[in-house]
1. Considering only segment A:82-94, I want to know if a residue exists there that is hydrophobic (A, V, I, L, M, F, W, C) and in a loop (DSSP other than H, G, I, E, B).
2. Among the residues of segment B:158-175, count how many are under 14 Å from B:ILE224 (Cβ atoms) and not charged (D, E, K, R).
3. Out of (1) open to solvent by 10 Å² or more (accessible area, probe 1.4 Å); (2) in contact with a Gly (Cβ under 9 Å, 6 or more places away or on another chain); (3) under 27 Å from B:ASP162 (Cβ atoms), the odd one out for C:ALA55 is which?
4. Can A:ASP162 be described as buried (at least 17 other Cβ atoms within 10 Å of the Cβ), over 30 Å from A:LEU8 (Cβ atoms), of a type in the set (Asp, Glu) and in contact with an Asp or Glu (Cβ under 7 Å, 6 or more places away or on another chain)?
5. Is it true that some residue in segment A:123-144 is open to solvent by less than 10 Å² (accessible area, probe 1.4 Å), within 19 Å of the chain's Cα centre (by Cα) and under 22 Å from C:ASN138 (Cα atoms)?
6. Considering (1) among the polar types (S, T, N, Q); (2) closer than 24 Å to C:SER142 by Cβ; (3) surrounded by 17 or more Cβ atoms within 10 Å (Cβ to Cβ), say which one A:ASN91 fails and leave the rest.
7. With respect to the numbered conditions (1) touching a Phe, Trp or Tyr at 6+ places or on another chain (Cβ under 9 Å); (2) closer than 18 Å to C:GLU15 by Cβ, which one is the sole condition not fulfilled by C:ARG92?
Amino acid sequence: MQLSLGELAQHLGAELRGDAGIMIRGVATLQDAGAGMVSFLANPSYRSQLAGSAASAVIVAADVADEAPCATLVVKNPYLSFALVTQLFDNRPQPRAGIHASAVIAASARLGNNVSIGPNVVIGEHCELGDGCEIGANTVISDHCVLGAGCILRANVTLYHDVVLGERVQIHSGTVIGADGFGFAPDKGRWHKIAQLGGVRIGNDVEIGANTCIDRGALGNTEIGDNVILDNLIQIAHNVKVGDGTAMAACTGIAGSTSIGKHCTLGGNAGVAGHLDIADGVHIAGKALISKSITEAGAYSSATPQMPMQEWRRNAVRFRQLDDMAKRLQKLEKSQEGKV
Amino acid sequence: MQLSLGELAQHLGAELRGDAGIMIRGVATLQDAGAGMVSFLANPSYRSQLAGSAASAVIVAADVADEAPCATLVVKNPYLSFALVTQLFDNRPQPRAGIHASAVIAASARLGNNVSIGPNVVIGEHCELGDGCEIGANTVISDHCVLGAGCILRANVTLYHDVVLGERVQIHSGTVIGADGFGFAPDKGRWHKIAQLGGVRIGNDVEIGANTCIDRGALGNTEIGDNVILDNLIQIAHNVKVGDGTAMAACTGIAGSTSIGKHCTLGGNAGVAGHLDIADGVHIAGKALISKSITEAGAYSSATPQMPMQEWRRNAVRFRQLDDMAKRLQKLEKSQEGKV
Amino acid sequence: MQLSLGELAQHLGAELRGDAGIMIRGVATLQDAGAGMVSFLANPSYRSQLAGSAASAVIVAADVADEAPCATLVVKNPYLSFALVTQLFDNRPQPRAGIHASAVIAASARLGNNVSIGPNVVIGEHCELGDGCEIGANTVISDHCVLGAGCILRANVTLYHDVVLGERVQIHSGTVIGADGFGFAPDKGRWHKIAQLGGVRIGNDVEIGANTCIDRGALGNTEIGDNVILDNLIQIAHNVKVGDGTAMAACTGIAGSTSIGKHCTLGGNAGVAGHLDIADGVHIAGKALISKSITEAGAYSSATPQMPMQEWRRNAVRFRQLDDMAKRLQKLEKSQEGKV
């Protein structure tokens, strides 16, 4: 795979400053790139690496283009252009077309054109797979699932019954969509299962990482909007709604019936309690615990800062005395006032 | 699937106020229910929705029955009755009876009556499956496992060797039971593996969510009591004991050799350190870190509250000065005392 | 499996005090061991159990050997010797030699001598497996993976393409190595995928627990050093580097491009933010959030201590007033100074 700089510029809609005939065979960081590689500068903190880069070309914004020691592809959003270039040079092995002989596909399932079904895949009754879907080895799709065109499920994914995916949804290995929500009624010291009668509805252009869980609804569906991106090891409980364009980093958990707005971001291992409403445009820091609804866009946090262990021990013990300290402070203030 | 209100009342042991002949074909929330649907009121915060519900019948406690605009099924514990009704209307596809041709079952394995074994299931030597067990597609059960009657393992579950399940245990997809505990002896800067020689013992009527891990014991077993309910993405380390009726929400972790009492609840992403004893009836809040044993029933927490980021930054930095603040407060108090 | 005490002593390089002919058939804790069992004392807090143990022999350090009521194997590092003994008595079922008929192995894959390939295993094009590798049932290895000699992948593991393992790497069930890193470029309210072009490189003598994720690099590789041990449900993001001999407990997460030094330990559910450098020999407490680089070896924490809920409520609310309290304290001090 090689492209000329001219072709790249055209693909990106970039202004090319340099020789359009230079051939590019890959993409690398400013530090690692050598001849034949294109690099990029998106994060200002790497600006100092630009002048010394051995790349054959760099993708940059106009204001720093002059600092580059090589050809430049000048664009408005260098990070976006970098993303588009990585897609051009994607080296993922292409799946074999057609249906592997070992796959077990129900007679009532309907498959679109140009689907690729890997070894040992199991597809249940009345499933519908749109054109161009790729299903990785050993993945299981239960009855009554619908996959829009262009969905990619990697190896060892599990979809329970009645899971509906939009178009171009990617799901990574180990992820489980549609397992029973965690619903039990207590009575006389015992838990009684609430059958989870709802399903899962996922929009278009969604990507879901590895070993993530999205539970089916108890009554009604769990719903993930368009262009939502979820990292690995995330828990989405039953009847959660996630708005369009929201991103969650790994190890995050959303408890049951909570609604997350559009274009939110959640840092790694953030947790949101159940039955809350989080507004659009909310940004939650890593490891934050959100236990009340948030009605205004903005950034929120709750964690405590790191310290060397000795220092931490001295301070953490005082956390248990905070209320006492606050009251003593008030008392001193009152006594002070009395004297003024 | 349809039932008359009279049949429903009989099944629930409910007092029916209304027409026993009304036919019910599903269950929904007060807000979503329409004609032919039964709803319920269990959480007082939804009481205001009762009068406006379009449900054909609602399950309620006696004290609010008069507020319903439709037939009522009057019971002591509406949430329990709701659970029983969801079970009646469970729409989960029933597994095909018998053993799929692609399953790989050791000759020495013994299967009870009416078992259902899905495609590509692997069952090892000397396993015993009780009557009515269902094993989902692509699940692997290693040697010497015992499953009591009525166990349900969904697709892509893994049981290592020597895992013993009681009766009616349900395990969701991606869950791994019996992987090696995390045991290593350090010596001269290297880790040496401690072979994990124990197994896992799980009681009756246990449900385990998706992508959860329960490790085998190092010496002796990891033990889960009867009627324990575990959500998704939970870590139960080697030699942990979990008492009967305890419930854990998603993303919780219990470190090695810790004992959790009976009828405890753990909120999402709670963590309990190793070698601790947690008494019966302890309720641990979400994201709490428990690093000391708890000897008395009751509720416990450790997390910090959410704040807008600007406010959080100002306060969090003070957490590192807490000990200093406490000492300065004491000094002021002493100085004050000197003057009084 | 039985060994004489004499044989055990020789294997461990231990000084035997007692009858070399005593036969040992297993290993147990001081409390549980009976006749025919060997036990050990490594943790001083169990010293009181030594005199009362019914074990036939115990592994001890020289200073406590006299307290044992039975034969002793005197060694410098009893915990290491215990580890070696568990390996002798390992009861894990040995995998069947050879390739199961149901495995799907690409014609271009090269397998070493004495490999064991379980049922329904899928191995992609151009993979290389070293001598003695064991691949558990239903595991998927994508194209261009390389496994050094003696690697053990348990059931239901997933390796994406271009994952390279050193020798004697063990990977437990449900673990996913090489899934796409979480990289997306935002533009006009939409996320655009950054194709993840790098791979994963894992050293020798590494063990990785169940349901753990190690993502492939965006550009360049994600790298795990020699003798690293990772527990269950861990997230290692793209382009992370983990130094030799580092250990991570369950539910820990390392965000993208962070470098963790050699011989570090991370407690359960610790989290390290992205683009940080953590020095060698750093020990991070459970549930700690590390959001700044650490340049010096030592122990670090950030969490808050557990409290009964009522007490916690009173203190946690004050966390939001901390900055205010600090300023009021300063004011009182100034006023005090003015008077002195």
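The values are calculated or read from the model by the stated rules, or taken from the named source; none is laboratory data. Values in this document were obtained by computation on a predicted structure and should not be read as measured data. Cβ sites come from the backbone with ideal geometry, for glycine too, and all protein chains shown count toward neighbours. Side chains included, ligands, DNA and RNA excluded: accessible areas come from the protein's heavy atoms. Shrake-Rupley method; radii C 1.70, N 1.55, O 1.52, S 1.80 Å.
1. Quick first cut of segment A:82-94, residues hydrophobic (A, V, I, L, M, F, W, C) only: A:82-85, A:88-89.
Right, trim to in a loop (DSSP other than H, G, I, E, B) and you get A:89.
Within segment A:82-94, one or more residues are hydrophobic (A, V, I, L, M, F, W, C) and in a loop (DSSP other than H, G, I, E, B).
2. 9
3. (1)
4. Considered against the rule, which asks whether it is buried (at least 17 other Cβ atoms within 10 Å of the Cβ), over 30 Å from A:LEU8 (Cβ atoms), of a type in the set (Asp, Glu) and in contact with an Asp or Glu (Cβ under 7 Å, 6 or more places away or on another chain), A:ASP162 comes out as no.
5. No - not one qualifying residue is present in segment A:123-144.
6. Of the numbered conditions (1) among the polar types (S, T, N, Q); (2) closer than 24 Å to C:SER142 by Cβ; (3) surrounded by 17 or more Cβ atoms within 10 Å (Cβ to Cβ), the odd one out for A:ASN91 is (3).
7. Checking C:ARG92 against (1) touching a Phe, Trp or Tyr at 6+ places or on another chain (Cβ under 9 Å); (2) closer than 18 Å to C:GLU15 by Cβ, the one that fails is (2).
So that you can scan it fast, the table gives a plain yes or no per residue for (1) more than 29 Å from C:GLY189 (Cβ to Cβ); (2) within 14 Å of chain C (Cβ to nearest Cβ); (3) acidic (Asp, Glu); (4) free of Cβ contacts under 8 Å to residues at least 12 places away in the same chain:
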site: A:GLN31; (1), (2), (3), (4): yes, yes, no, no
site: A:ARG47; (1), (2), (3), (4): no, no, no, no
site: A:LEU50; (1), (2), (3), (4): no, no, no, no
site: A:ASP63; (1), (2), (3), (4): no, no, yes, yes
site: A:ASP66; (1), (2), (3), (4): yes, no, yes, yes
site: A:PRO69; (1), (2), (3), (4): yes, no, no, no
site: A:THR72; (1), (2), (3), (4): no, no, no, no
site: A:LYS76; (1), (2), (3), (4): no, yes, no, no
site: A:PHE82; (1), (2), (3), (4): no, yes, no, no
